[in-house]
1. Using only atoms on other chains, find how many Cβ atoms lie within 10 Å of each Cβ of peptide A:275-286 and report the average.
2. Under the classification rounded if a/c is under 1.5, otherwise prolate if a/b is larger than b/c and oblate if not, where does region B:153-233 fall, given a ≥ b ≥ c as square roots of the Cα gyration tensor eigenvalues?
3. Could you tell me how far the Cα centroid of region B:16-78 sits from the Cα centroid of region B:255-271, in Å?
4. For region A:5-337, give the share of DSSP beta bridges that are antiparallel, in percent and rounded to the nearest 5; count only bridges with both residues there.
5. Do the sum for chain B: with -39,500 (n - 2.57) for every DSSP H run of n ≥ 4, divided by all residues, what is the mean residue ellipticity at 222 nm, to the nearest 500 deg cm²/dmol?
6. Out of the DSSP beta bridges found with both residues in the protein assembly as shown, what percent are antiparallel (nearest 5)?
7. How large is log10 I(q)/I(0) at q = 0.08, 0.14, 0.15 Å⁻¹ when the Debye formula is applied to the Cα atoms of chain A, each weighted equally and without solvent?
8. Return B:116, B:142 ranked ascending by Cβ neighbour count within 10 Å, so the fewest neighbours appear first.
Ligand SMILES: Nc1ncnc2c1ncn2[C@@H]1O[C@H](COP(=O)(O)OP(=O)(O)OP(=O)(O)O)[C@@H](O)[C@H]1O
Ligand SMILES: [Mg+2]
């Protein structure tokens, strides 16, 4: 049973010590990733997606960061590993691709050097061998004439190419988990689609689990199998992609879905927006964190924090009123059918 | 690449020419006459006048200037009026102490400043960081002659472990040679070291927060490799600029330091030449210093290309 999941994040808490006191950026996040699955991690800017990802990789400066909970990867709790042990995991068993392809590569080393470096440290290959492997990886990501490219510097290639290089680097040691933190936000739409295709294909080939961080629900619909929605450091809903798009339970998720522009929608109609702004981490609401912005909020919501509850086959939600909302939904649908 | 170097070397010529004009006229407008200085207070006006015409000082100033430039173009920097030897020879006989002093000051400051700067950046915000930054702050604000006097007082007079002043050439043994240079190098290099420490720290802090450093960590690289291979090479680019710039202050600083510690170097040569109104020596030496400065800056610019591929020229 325990080995069914590649990654189990269990009540993860990440607390930064700042000058104005501790800041809990991730507060009790729980989710799992299976082999060969693409899990979407979505939510507004600042909700803690990147901090969650970097906690899994243990990339945060640990002098100012405290973790709590468990991150079980292949049955080992990453939070209890030594630094030395983490070195063997990063870039080898778990890899990460970052949001900003333009600045994620070191400007003073060639592309070949940067890919080969990862291969050399984790696979104990000689330089020549590692370079050949780097060329293979670049070929896999669809870069034309990789033999030439490896001698180029990052400033000599385009953003889309750089992101492919990042992917080649991340996958060069055949990791079992890939964390892609908004891998396409900085790229234009056609390149976005290509990059997502590359990730998807390689996922199939390597049977890896993928955590796809994004705030683009279009990306989620395209590549993810399951989705975790975060709000202010917590998971507020988790579901299969189809379930999430067809019957979202949390008012926040509904708001997010409604705010996607539709091609066949009325152009004069204003896009839906969620009221208010995300509160700051120093000023977290007492009850449900979303309550101050929620149109359905009751007295209970403002005073008492709801837990993440399992509703049905693979759908979880953190909301007091989801049942009532569900009923309304059914009625609304019924009226539209009539 | 070759074309670039040739272009840069050619572009030095007008600069050197301007320096030459400037130095020539500046010195000739300083009141005081070499002939009367050389002959001493007891000389009669005729004697002085004779010497002046012998030295060509009676000619109109523009003729003197053309004469001098024509000589320089033939590689002749002139002859010292006072020492009675060619300027180049005088320069060469004084370069030893200055070269040793400059290399030692620059070398020591770089070897100390860069590792401390890196350490301070890594320990940013801790007491290690603030202690070093305080020392650097002091180092930057203390005038080098004052530091020189303090060092002399402490190590030379009180502790008596190092000579207060003087010089022994390299031929008398390396240790002997260094013994005389440690205090001068420290006082000359202090400001340099302080500036480089602060620059290194700032630059490293900048670089350590970039995305590619996060990438390097995410690859599973050791912290040592992240710092020295990935961060430092990038942080070194602005440090290189500072190295070029501080070299200028090293030269001017050397004049003061050599005077304080009584080192027979270029600084002393120039100082003496000024008091003696030894025109040829002043002009020639300053011209050579300017040339050295320009050449050094060219070398540093070429070094940029080695460190930073983005400025590399004529890549295939
Ligand atoms: N080192 C840190 N110290 C203090 N607070 C931090 C630190 N890093 C991140 N935070 C805070 O944690 C919160 C979550 O940040 P995070 O980067 O995870 O957001 P995100 O969901 O990835 O947003 P985005 O979509 O903009 O990338 C933010 O409020 C941020 O200010
Ligand atoms: Mg982020």
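Read-outs: derived from the displayed coordinates by stated rules, not from any lab. These figures come from a predicted structure and were not determined experimentally. With ideal geometry, Cβ positions are generated from the backbone for all residues, glycine too; neighbour counts draw on all protein chains shown.
1. Details: counts 0, 0, 0, 0, 0, 0, 0, 0, 0, 0, 0, 0.
Mean partner-chain Cβ count within 10 Å for A:275-286: 0.
2. Working: a/c = 4.15, a/b = 2.86, b/c = 1.45.
Taking the square roots of the gyration eigenvalues as a ≥ b ≥ c, region B:153-233 is prolate.
3. So the two Cα centres are separated by 23 Å.
4. Rounded to the nearest five, the antiparallel share is 60 percent.
5. Numbers: 12 runs with 228 residues, N = 316.
My calculation for chain B gives -24500 deg cm²/dmol from helical runs alone.
6. Restricted to the protein assembly as shown, the bridges split so that about 65 percent are antiparallel.
7. -0.42, -1.17, -1.30
8. Working: B:116 22, B:142 16.
Ordered by Cβ neighbours within 10 Å, fewest first: B:142, B:116.
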